[in-house]
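Here the structure is laid out as structure tokens; the discussion comes afterwards.
Bear in mind that the values in this text are calculations on the coordinates, not laboratory data. Nothing here was measured: the structure is a model prediction, and the numbers come from that model. Cβ: placed from backbone, ideal geometry, glycine included. Neighbour counts: every protein chain shown.
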Amino acid sequence: MSEGELQKNHRERLRRRMAEAGFDAFHDYELLEYLLALVNRRGDTKALAKSLIAEFGSYGAVFAASHGELMRVKGLGERGVAAIRFVSAAASQLLREEAAARPVLSNWAAVEDYLRIAMAQLPREQFRILFLNSKNMLIRDHALSEGTVDQTAVHVRELVRLAIETRAAALIIVHNHPSGDPGPSRADIGMTETIKQALAPLGIALHDHIVVGANGQYSFRANGLL
């Protein structure tokens, strides 16, 4: 039996398992393998899926990787990259819509799910703002910057400008720690207080500052820092 026939039979077995048992019966690498098999019908997508997880460190990190990072993986190709990026974007959009469907403060689990998918596996720090209206409905979700979260003055000026432009009544600020540990640094605490003071004269509330890591999330509000 040729290599192509072996791959074809293996994919057919995967398809049957999916139809009979659903995706819950799959390992992480098998889910990724199945996705890649949809756009690569000839290559060894099992080996490719395992190499992707090894390269980026986890299943979730594969879907958080950028286009450029994925393109550097040998054997993946443009179609494989597009498939991974599409699934990542679709999952993020689905959770964003769920988070925006009800007032944020009464829909906190959906917000946490969205932030985990969107930010927990990012390889660089990202500073994000959730803008809320007077009913605490999400009206805008904006990634303000990537890199280190230590340019407080720049963040505050731009954040205030966007809050006024959006006519927000309240904000939730979010950033991630690529290290995985969501515990806040002294700089995080100082920046939060600076932003809170800048928003207060405008009558805009700072509901929370959430730090997202692969090991969990840290809420300033829940921990008495706001």
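Before moving on, here are some points about what is shown:
- At R0 = 30 Å, FRET efficiency that the Cβ-Cβ distance of L226 and E97 yields, to 0.05: 0.65
- Of I117, I189, I210, the residue with the greatest mean-square motion in the GNM of the chain, using alpha carbon springs below 10 Å, is I189.
- A cut-off of 5 Å between modelled amide H atoms, ignoring neighbours fewer than 5 places along the same chain, links A120 with no other residue.
- Note on the chain: Lys pairs 8 or more places apart or on different chains, Cα atoms under 26 Å apart, count 6.
- The angle separating the long axis of helix 77-100 from the principal Cα axis of greatest extent in the chain is about 40 degrees.
- Nearest-0.05 FRET efficiency for E55 and M137, computed from C-beta distance (R0 41 Å): 0.55
- For region 145-226, averaging the sequence separation of C-alpha pairs within contact (under 8 Å, six or more residues apart) and dividing by the residue count gives a relative contact order of 35 percent.
- 3J(HN,Hα) along region 161-171: 4, 5, 4, 5, 4, 7, 6, 6, 9, 7, 10 Hz, from the Karplus curve 6.51 cos²θ - 1.76 cosθ + 1.60 with θ = phi - 60°, whole Hz, x for Gly and Pro.
- Backbone amide hydrogens, once placed in the peptide plane, bring I139 within less than 5 Å of F131, L132, N133, excluding anything fewer than 5 places away on its chain.
- With a Förster radius of 41 Å applied to the C-beta separation of A82 and I189, the computed FRET efficiency comes to 0.50.
- The amide H of H177, built 1.01 Å from its N in the peptide plane, has V212, G213 as neighbours under 5 Å, considering only residues 5 or more places off or on other chains.
- Estimated 222 nm signal from helices in the chain, with DSSP H stretches of n ≥ 4 weighted -39500 (n - 2.57), rounded to 500: -17000 deg cm²/dmol
- Residue-wise HN-Hα couplings along region 129-144, as the Karplus relation 6.51 cos²θ - 1.76 cosθ + 1.60 with θ = phi - 60° gives them from phi, are 10, 9, 9, 10, 8, 5, 9, 6, 8, 5, 10, 7, 10, 10, 7, 7 Hz; Gly and Pro carry x.
- Whole-number percent relative contact order across the chain, with pairs defined as alpha carbons under 8 Å at least 6 apart: 14
- Furthest towards positive pole of dipole, V160, Y29, N40, structure part the chain, Cβ charges: N40
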